[in-house]
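Report on the structure given below.
The values are calculated or read from the model by the stated rules, or taken from the named source; none is laboratory data. Nothing here was measured: the structure is a model prediction, and the numbers come from that model. In this analysis, Cβ positions are derived from the backbone assuming ideal geometry, glycine residues included, and neighbour counts consider all displayed protein chains.
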Amino acid sequence: MIPFEEALNIVLSNSIPSGEEEVETGSAAGRVLSWDVFSDIDMPPFDKSAVDGFACRMQDAGCGMELKVIETIAAGSVPSLAIQPGECSRIMTGGMLPQGADAVIMVEDTEISSSNTIKFTKDKTAKNICYRAEDIKNGQKVLEKGTLIEPAHFAVLASVGKTGVHVAKQPHIGIISTGNELVEPSRKPGRAQIRNSNAWQLLAQARQIPVLCSYYGIADDSLEELKDKISMGLHEADIVILTGGVSMGDFDYVPEAMESLGAKILFKSVAIQPGRPTVFARIRDQFIFGLPGNPVSSFVLFELLVKPFVLKMMGCIETPKVLAIPMGVDFSRKKSFRKSVIPVTVNGGAAFPLEYHGSAHINAYTKASGMMIMDTGQTEIKKGETVNVRLL
Ligand code: AMP
Ligand code: MG
């Protein structure tokens, strides 16, 4: 059994780059940028008004002062007249600031005093100008290689004229369930059978990251069938993930099947609860994870080992979102020779452990905000003590 940190290290140090491709920006949501992105313009490209109002000289904008309106500047049009003392131009939000003006007074702070003059009704302080290049300078790096592209990034990509982006290729993940007792969800389990839940859970987890997924069905607990299914997976996938068949049972043939196909097992037991019998193997530039069959174990180990591995293949620089918050109640456990992972909910800024009966507790995580990790050697956490909750 190796410490979890060592297992994670082995996994990460084995990861190999997935390569890159250029895609249309419109279809890049959720992908990982493989090139830095630079701006080809200043943003904003010109001094512009932040409000609908009157562009003028700040010194002319005291309460009660009247100014002559010399033109109207719509967004998208270039002002034709410079502002002289005692003058202003009506300007719309996003309109280009005319020469001579250094402030825009909101229309709400003015009144019309005659057909072409306005009067200020308040003493103004705010200039209401978005200055040229205050957000982004021409040539500036706006997005970094390794960024997971989210909706807010699209505004930047669009503004700097990126209609195509270079992104990491999506690693292909193949999923295999194992176990004679499994039937697919469409069937009612017979005596001593249960429904295959892991495959659907893993497919859903995998779809949260930019990968391609294939599902190869259920393999019986036989060496031959396991070898067949793993070979089928390795035929097209970069990473094959199996669940079940990795512990000490008489019919747990997964590690043997991996080895007999020429894969080298890099570890097969990790000091983590749930998830101890987790296997990681490499065969040339392809990888096989054997996750334990219990649904909570496979869920947790996918989050803690598989996701970081795959994201690293794509050069992703994002780190998991972790909240450091106080524990809402006292919490303890008896044994502490493994790290343990506990489902928690976050309520009123504090972490509360959820009911958890162990790794077979199929619905333990349905209401979880995240996972709390208790370190090796640690048996209790007092109410109010800070804990790290890794958000799901
Ligand atoms: P194993 O790791 O094969 O010893 O399985 C451990 C436990 O997880 C057993 O109770 C299995 O029935 C259960 N299990 C294994 N695979 C799945 C699966 N795909 N879906 C739901 N439960 C499973
Ligand atoms: Mg099994």
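Of the residues making up the range 207-239, those that are of a type outside the set (Val, Ile, Thr) and over 19 Å from VAL254 (Cβ atoms) are ARG207, GLN208, PRO210, LEU212, CYS213, GLU236. Among the residues of the range 245-268, the ones that are outside any loop (DSSP other than H, G, I, E, B) and either within 13 Å of ligand 2 (Cβ to nearest atom) or among the β-branched types (Val, Ile, Thr) (or both) come to 4 in all.
Right, SER231: among the hydroxyl-bearing types (Ser, Thr, Tyr), more than 22 Å from the chain's Cα centre (by Cα) and either on the phi > 0 side of the Ramachandran plot or more than 16 Å from ligand 2 (Cβ to nearest atom) (or both) or not? Yes: the conditions hold for SER231.
Collect the residues in the range 221-244 that are more than 12 Å from ligand 1 (Cβ to nearest atom) and either part of a strand (DSSP E or B) or of a type in the set (Val, Ile, Thr) (or both), keeping them in residue-number order. ILE230, ILE239, VAL240 - these are the residues of the range 221-244 that are more than 12 Å from ligand 1 (Cβ to nearest atom) and either part of a strand (DSSP E or B) or of a type in the set (Val, Ile, Thr) (or both).
Okay, residues lined up against (1) part of a loop (DSSP other than H, G, I, E, B); (2) free of Cβ contacts under 8 Å to residues at least 60 places away in the same chain:
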| position | (1), (2) |
| --- | --- |
| ILE118 | no, no |
| LYS122 | yes, yes |
| LYS127 | yes, no |
| VAL142 | no, no |
| VAL156 | no, no |
| GLY161 | yes, no |
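Among the residues examined, GLU108 does not qualify as out of contact with any Cys (no Cβ under 8 Å at 6 or more places or on another chain), in the same structural domain as ALA192 (by TED's automatic domain parsing) and either under 30 Å from ASP238 (Cβ atoms) or among the charged types (D, E, K, R) (or both). Could you list all residues from the range 159-198 that are more than 21 Å from GLY249 (Cα to Cα) and within 16 Å of ligand 1 (Cβ to nearest atom)? Selection gives ILE173, GLY174, ILE175, GLU184, PRO185, SER186, ARG187, LYS188, PRO189, GLY190.
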